[in-house]
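The values are calculated or read from the model by the stated rules, or taken from the named source; none is laboratory data. Given the structure is predicted, the values throughout are model-derived calculations rather than measurements. Surface areas here come from the heavy atoms of the whole protein model, side chains and all, with no ligands, DNA or RNA. Shrake-Rupley method; radii C 1.70, N 1.55, O 1.52, S 1.80 Å.
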Amino acid sequence: MLAIGLMSGTSRDGIDAALIETDGQGAVRPVAFHAMAYADGFRMRLAESCARAMAMDAPGFEPLIASVENELTELHVEAVADLLGRSGHVAEDVGVIGFHGHTVAHRPDRGWTWQIGDAQALAGAFGIPVVGDLRSADVAAGGQGAPLMPVYHRALAHDLPKPMAVLNLGGVANITAIGADGALVAFDTGMASGLIDNWMHTHAGASFDEGGAMAARGRVDEDRLATMLADPWFAAPPPKSIDREAFTIEAMRGLETADGAATLTAFTAAAVARGIDHLADRPTCLFVAGGGRHNRTMMAMLRARCGCDVRSVDELGWDGDALEAQGFAYMAVRSLMGLPISFPGTTGAPREMTGGVLFRP
């Protein structure tokens, strides 16, 4: 089946749209990928929506969030149209769209997670069934609702030697460990690029630290780093997940721009190292996906602090930029088939669970 996957991630930089062919199990063939960047104004409105959502006791109506949701949906329609045009396919070729939406607040500790985006409108725009709301069933059952990518990582790694580990570096970082028997253990390790992006926007007028150049010029403040790592969340055993808004750049107050970037980059790497300590089998190599793999300083810090080889997933023949969007296409097909997308070892769900809500045109 041809399936489209859509991802607006915690980096808030844009929409990733991927077209794959899959049977929802071991067969996966990437077909096309398109990344559409958000305009600066929309990124700011999206960030403010996330801040307002995190301040709410539960999902509900909030004028800015509702407005941003409408914009977000229109942008996803545009992204799908562009993907189809670039791929040479038409809507009638596609069996399903996996629509993640955008997480404005993730509070499994309160029994909810909130992704905005109108899946019904997206289905109507193309006449294609849409599977959305992929996290809520897991959270309602007592799981963390994240990470969800491990089932796709396992499908891609079907013929690769195991055990192995995949690290995704978006706004938040998460790790997938695949055992020799195919068993999955996965969890968020902490922040990835989210705080670095906030720091660069505030102190350098840039949307991110390209290539890690700013961090490379700075010095890590080990005392501030230790203070941040003292948060009890890092000592808690998995499964666990975290919202991008769980930490702020306030701990870097007073530092030079380069030193703050270096310390926040080290915060990501050190948190991954702490996460690896929770794994029964320490990986000899971390294969890294997501935008963070382009940050050379972060990759170097990962090697130094994790004590293992660190490589891009592109070395495996995977597209590290497209992986999450592809994964939601894959999960949409699994949802149609009633197959599990979350597991006790990945989200803490009480059992293997399928997920998602089907929206018909």
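What does the accessible area per residue of the chain come to in Å², with a 1.4 Å probe and no ligands, DNA or RNA counted?
About 39 Å² of surface per residue is accessible.
Let's test this: bin the Cα-Cα distances of segment 150-279 at 5 Å from zero up to the farthest pair and state each bin's percent.
Spelled out bin by bin, segment 150-279 gives 2, 11, 21, 20, 17, 12, 9, 6, 2, 0 percent.
Using only the Cα atoms, what convex hull volume per residue in Å³ does segment 263-337 have? Intermediate values should be presented prior to the final figure.
Numbers: hull volume 9.0 nm³, N = 75.
Considering the Cα atoms of segment 263-337, their hull volume per residue is 120 Å³.
If you average over every viewing direction, what projected area does the convex hull of the Cα atoms of the chain give, in nm²?
Answer in nm², one decimal: 16.2.
Using 5 Å bins from zero, what percent of all Cα-Cα pairs in segment 27-145 falls into each bin?
Binned Cα distances yield the sequence 2, 10, 18, 20, 19, 15, 10, 5, 1, 0.
I'd like the per residue volume of the convex hull spanned by the Cα atoms of segment 169-208, given in cubic angstrom.
Numbers: hull volume 1.8 nm³, N = 40.
Output value, Cα hull per residue: 46 Å³.
Considering just Cα atoms, how many Å³ per residue does the convex hull of segment 193-236 enclose? Show your work: numbers first, answer last.
On the way: hull volume 4.1 nm³, N = 44.
Spread over its residues, the Cα hull of segment 193-236 gives 93 Å³ apiece.
State the percentage of accessible surface on the chain attributable to carbon and sulfur atoms; use a 1.4 Å probe and exclude ligands, DNA and RNA. Write down the numbers at each step before the final one.
On the way: 7110 of 14100 Å².
Of the solvent-accessible surface of the chain, carbon and sulfur hold 50 percent.
Could you work out, for segment 119-212, what percent of all Cα-Cα pairs fall into each 10 Å distance bin, beginning at 0 Å and stopping at the bin that holds the largest distance?
14, 27, 30, 25, 3
Give me the Debye-computed log₁₀ of I(q)/I(0) at q = 0.15, 0.31 Å⁻¹ for segment 313-353, equal point scatterers on Cα only, no solvent, two decimals.
-0.48, -0.92
What is the Cα centroid distance between segment 215-238 and segment 311-361, reported in whole angstrom?
If you average the Cα positions of each part, the centres end up 30 Å apart.
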